[in-house]
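Have a look at the structure below, then the notes.
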Amino acid sequence: MNEKIDYEQLEKRIGRAHLRQRLDIQMYHSSRILGQGLTLFHFENLTFFHAFIHFVLRACGLFNRGNRNACDIQVVQNPVRIKGLPKAFSGYRILQISDLHLDLHPEITEALISSVEGVNYDLCVLTGDFRAATYGDYLPAMKGARKLLPRLKQPVYGVLGNHDFIEEVPILEDLGVKMLLNESALIERDGSKLILVGLDDAHYYQVDNFHQACENLDQGDVSILLSHSPETYRQAASFSFDYMLSGHTHGGQICLPGGIPVLTNGNCPRRLARGPWKYRHIQGYTSRGAGCSAVPVRFCCPPEITIHTLLG
């Protein structure tokens, strides 16, 4: 698969500074362990530690069990009440898929494809990390996207994560995903509306721009924010979003019994690292993710795709 990217078109859309910052980090900084983004230590780039975990799990005879857990993707139902929700959107179902990492392990990708079949929803959102590594070739992940995305019912919206390259955007949009790069979309139903706002990555690339993303947001609009990482929760509350959907943390991925994460990757309180949460007036949900990062295993933290049912 050989892709030709129109960088001039991307620059017109997101601006020169935004594009240059992403490309600079992609070329020179994306494999670093220290010194980029809101979080100074980047566990996702600690490859020697990933290899050590892999070795220990195999030595203990736990790797195959963890891999089976990673392929057991749950469909989680999450009803959420939103004040001021138009009656036309009562019962509206949003399918959230996060942290797909489509090139890490083929069996997990196949399990994800199977998990979306037969799920009923009105709109689908993809909250980032389509690929497994933060550097190197992004095309294997796009090969996985070509298998999955045609299975999703339209409309489909998405944002980029800290693992994603800007070059993925035109490929994903050709596959039917409307990517929101500090942009918003109007969702209409029976004469009523809600606003979907998508941020570009705040965790690693630091290219999130709330002011730009909210340009078309009017006071009184019911609004839902897509932000790959929940660490933007304070800004989201300041901009009066009603609901925020995130991923990034994988819920810990490898947890102690009871779902207590050994490690979460994000600059936010642990209570925001998985499932529903609230901060001031804003409600949010952090997905455990559908895929895996670094090692294709999960313990005490099953993968998920999530149906958010909006209620007035």
Out of (1) crowded, with 19+ Cβ neighbours inside 10 Å; (2) farther than 27 Å from His54 by Cα, the one Ser238 does not meet is (1)
The range 67-108, subset surrounded by fewer than 15 Cβ atoms within 10 Å (Cβ to Cβ) and closer than 29 Å to Pro296 by Cα, residue modelled with the lowest pLDDT: Pro106
Of all the strands (runs of 3 or more DSSP E) wholly in the range 182-269, which have at least 3 residues that are under 28 Å from Cys292 (Cα atoms) and in contact with a strand residue (DSSP E or B) (Cβ under 9 Å, 6 or more places away or on another chain)? 192-198, 223-226, 243-246
For Ser115, indicate whether it is touching a residue at least 40 places away in the same chain (Cβ under 8 Å), crowded, with 21+ Cβ neighbours inside 10 Å and hydroxyl-bearing (Ser, Thr, Tyr). no
If I filter the range 275-285 for residues that are over 28 Å from Leu62 (Cα atoms), under 15 Å from the mean Cα position of the chain (by Cα) and among the aliphatic types (A, V, I, L, M), do I get at least one hit? no
By residue number, the members of the range 181-236 that are out of contact with any helix residue (DSSP H, G or I) (no Cβ under 8 Å at 6 or more places or on another chain) and among the basic types (Lys, Arg) are Lys193, Arg234
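Residue-by-condition table, conditions (1) in contact with a His (Cβ under 9 Å, 6 or more places away or on another chain); (2) surrounded by 24 or more Cβ atoms within 10 Å (Cβ to Cβ):
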| residue | (1), (2) |
| --- | --- |
| Asn209 | yes, no |
| Val222 | no, no |
| Gly251 | no, yes |
| Leu256 | no, no |
| Gly291 | yes, yes |
Specify which of the listed residues (Gly84, Gly91, Gly66) is over 22 Å from Gly161 (Cβ atoms) and touching a helix residue (DSSP H, G or I) at 6+ places or on another chain (Cβ under 7 Å). Gly66
In the range 72-160, which strands (runs of 3 or more DSSP E) lie fully inside it and hold 2 or more residues that are farther than 25 Å from Asp201 by Cα? 74-81
Select, from Ser229, Ser246, the only residue that is closer than 17 Å to Asp99 by Cβ, crowded, with 24+ Cβ neighbours inside 10 Å and in contact with a Pro (Cβ under 7 Å, 6 or more places away or on another chain). Ser246
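I'd like the residue in the range 169-181 that is in a loop (DSSP other than H, G, I, E, B) and in contact with a strand residue (DSSP E or B) (Cβ under 8 Å, 6 or more places away or on another chain) and, out of all such residues, is surrounded by the fewest Cβ atoms within 10 Å (Cβ to Cβ).
As a first pass, look at the range 169-181 and keep what is in a loop (DSSP other than H, G, I, E, B): 175-176, 180-181.
So of that shortlist, the ones also in contact with a strand residue (DSSP E or B) (Cβ under 8 Å, 6 or more places away or on another chain) come out as 176, 180-181.
Values: Gly176: 14, Leu180: 21, Leu181: 25.
Ranking the candidates gives Gly176 first.
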Which one of Arg298, Arg274, Arg270 is in contact (Cβ under 8 Å) with a residue 12 or more places away in the chain, in contact with a Ser or Thr (Cβ under 8 Å, 6 or more places away or on another chain) and under 30 Å from Ile108 (Cα atoms)? Arg274
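The values are calculated or read from the model by the stated rules, or taken from the named source; none is laboratory data. As the structure is a computational prediction, the values presented were derived from the model and not from experiment. All Cβ positions, even for glycine, are placed from backbone atoms using ideal geometry, and neighbour counts span all protein chains on display.
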